[in-house]
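Written below as structure tokens is the structure these notes are about.
The values are calculated or read from the model by the stated rules, or taken from the named source; none is laboratory data. If you're wondering where the values come from, they're calculated on a predicted model, not measured in any experiment. All Cβ positions, even for glycine, are placed from backbone atoms using ideal geometry, and neighbour counts span all protein chains on display. These area figures cover heavy atoms from the full protein model, side chains too; ligands, DNA and RNA do not enter into them. Shrake-Rupley method; radii C 1.70, N 1.55, O 1.52, S 1.80 Å.
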Amino acid sequence: SREGNGDKIRRFKEAWSCVAAVVKDILLDRYRLLLSLTPDDFPCNQTFRLWLTDFAADGGLEAVFRNGTLSFGFIGLAEAVEVLTGEKYFLSAEGRAIALDLLRHMRTVVDRYRQEENLNFTLLASSGEYISGRLPAIDKETFDHPAVRKGFYTNSFHVDVDSGLDPIRKLQIEGPFHALANGGCVTYVEFSSAPVGNTDAVAEVIQAGVDHGINYLGINFPLDRCRDCGEQGTFDRCPACNGENVHRIRRVSGYLEDLEFFTSGKQSEVARRRPNAPAGPTGGR
């Protein structure tokens, strides 16, 4: 129960706050080093005047860069709740309440730094392309847990990639987190194939995103192309020529890329993904 996990949750918040204090000092140190430079260190911006405020105006570099963001990024909220409670957070109202409580705590700490320093500290729900595999590899040396052994940590506050939730339910669960991640965030749904000609499914997902407070929405689907004959679709072996020389394009962390070039953590993630919907006319509901 949440009461039974209360002490672990409290200690987790305390540990996160200690890490956040170190991160704040690192961000401030980098910010101050940036301000120690001169306008000539930014020739591109000087030439093309890319900033709203001119470097040469009153206030110099500080007048420009103080409007930037100093972000606290996070991944693995799903794994954190699973380790703390023994259950995946999306499976119960209690789990979802704990996940939101942890994120509210994080946002409260970041907002306090924002007020104290009068700088734009934000909470960033990160995809963590490299660290998604790097951090569990480090943790595996000390801890043994299924959340660590699978080889990657889940993006930001996302539900587990193998949840199999229908897309509308996934959007409903992840929507409340968007209001807390003011440094940026995304929610995606996974289709089993390209929704070509199926505008109803796409429109349904977009409308659900609007309804549930999703401020950045992605629709993922696999795309395979036979390098030998050019056949496209979703397949392990080419249905046209029976070849196995298949080029696989996948969307992970907000961009399309050849699956072969993903980091080890992201390759582990793709291997475990389950679709939230087929590309059928109802979007899988």
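Could you list, ordered by first residue, the pairs with Cβ atoms under 6 Å in which the first is in segment 34-55 and within 22 Å of LEU70 (Cβ to Cβ) and the second is loosely packed, with under 10 Cβ neighbours inside 10 Å and not hydrophobic (A, V, I, L, M, F, W, C), at least 6 apart or interchain?
That search, which allows pairs on different chains as well, returns nothing.
Can you name every residue in segment 132-183 that is charged (D, E, K, R), in a loop (DSSP other than H, G, I, E, B) and in contact with a strand residue (DSSP E or B) (Cβ under 7 Å, 6 or more places away or on another chain)?
Listed by number, the list holds a single entry, ASP166.
I'm trying to understand the selection: among the residues of segment 194-212, which are assigned to a loop (DSSP other than H, G, I, E, B), small (Gly, Ala, Ser) and open to solvent by less than 40 Å² (accessible area, probe 1.4 Å)?
Result: ALA194, single match.
Note down all Cβ pairs under 7 Å where the first residue falls in segment 58-84 and is under 15 Å from VAL148 (Cβ atoms), the second is open to solvent by less than 30 Å² (accessible area, probe 1.4 Å) and modelled with pLDDT under 90, and they're at least six residues apart or on different chains.
Note: pairs meeting the criteria are ILE75/GLY128; ILE75/SER132; LEU84/ASN5.
For ARG104, indicate whether it is in a helix (DSSP H, G or I), open to solvent by 80 Å² or more (accessible area, probe 1.4 Å), touching a residue at least 40 places away in the same chain (Cβ under 8 Å) and over 20 Å from PHE143 (Cβ atoms).
Answer is yes for this residue.
Could you count how many residues in segment 132-153 are over 30 Å from GLY68 (Cα atoms) and open to solvent by 60 Å² or more (accessible area, probe 1.4 Å)?
Of the residues in that region, 8 qualify.
So is GLU129 open to solvent by 30 Å² or more (accessible area, probe 1.4 Å) and in a loop (DSSP other than H, G, I, E, B) or not?
For GLU129, the condition - open to solvent by 30 Å² or more (accessible area, probe 1.4 Å) and in a loop (DSSP other than H, G, I, E, B) - is met.
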